[in-house]
Structures are given as structure tokens and as C-alpha cells.
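A short write-up of the structure that comes next.
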Amino acid sequence: MYNFTAQWSVAEARKHFSDLVKAAENEPQLVFRRKELAAVVIDPGLFDRFAKWLAAEQERSVADAFADLRVIVDSTGWSLGPGTGAKD
């Protein structure tokens, strides 16, 4: 499901919190509670990039999304008209 090798139980994360934070400098650290993802500890730089991306995405309109979709569809030769899914 996840391609990250760094996985911690909540108990391990609590016990080795300093190590968890230090390891997050290199790659996201996944923390699981009963085999379900409970938290992810990431580098502050990665969080800043994510926060900027999220802010930009929230400003996008549905029209922006459809414009992007049209570019993708046009580049593949597909059609959004009747019978979608068929090549023109």
C-alpha cells in the first residue's frame, strides 16, 4: 500500500520519538495503530511544499479542472463528446 520502509507502531513512535523526528528528515515516517495508518511525520520542507500545493489546489475552480482535462484529452486524441471513451 505504501512504498515507505519507515513504519512505526504508536508505542514505538512514543518510545523513540527523537529517532522518529530525525528519521523524518530523510523520508516520511508512517505511524500505525492496529495496522491502520494513524499519522505521518514529515520533514518541515516537505510540509511547506504540501501546504503551498494544497492552497493552490483549493483556489482552483471546476472550470480550471475541466480545462486541464481538455488538454489531457486533446493530447491523447480522445473525445469528450457522445460515446466518450472511443477514439476519434
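The values are calculated or read from the model by the stated rules, or taken from the named source; none is laboratory data. Treat the numbers as computed from the prediction; the structure is a model and nothing was measured. Cβ sites come from the backbone with ideal geometry, for glycine too, and all protein chains shown count toward neighbours.
Give just the number: which of (1) in contact with a helix residue (DSSP H, G or I) (Cβ under 9 Å, 6 or more places away or on another chain); (2) loosely packed, with under 10 Cβ neighbours inside 10 Å; (3) at pLDDT 85 or above does Ala13 not satisfy?
(2)
How many of the residues in region 5-18 are over 24 Å from the mean Cα position of the chain (by Cα) and over 14 Å from Glu36 (Cα atoms)?
5
In this structure, does Lys87 turn out to be basic (Lys, Arg) and at pLDDT below 95?
Answer is yes for this residue.
Condition (residue is surrounded by 14 or more Cβ atoms within 10 Å (Cβ to Cβ) and assigned to a helix (DSSP H, G or I)) applied to region 22-38: is it met by at least one residue?
Yes: one or more hits.
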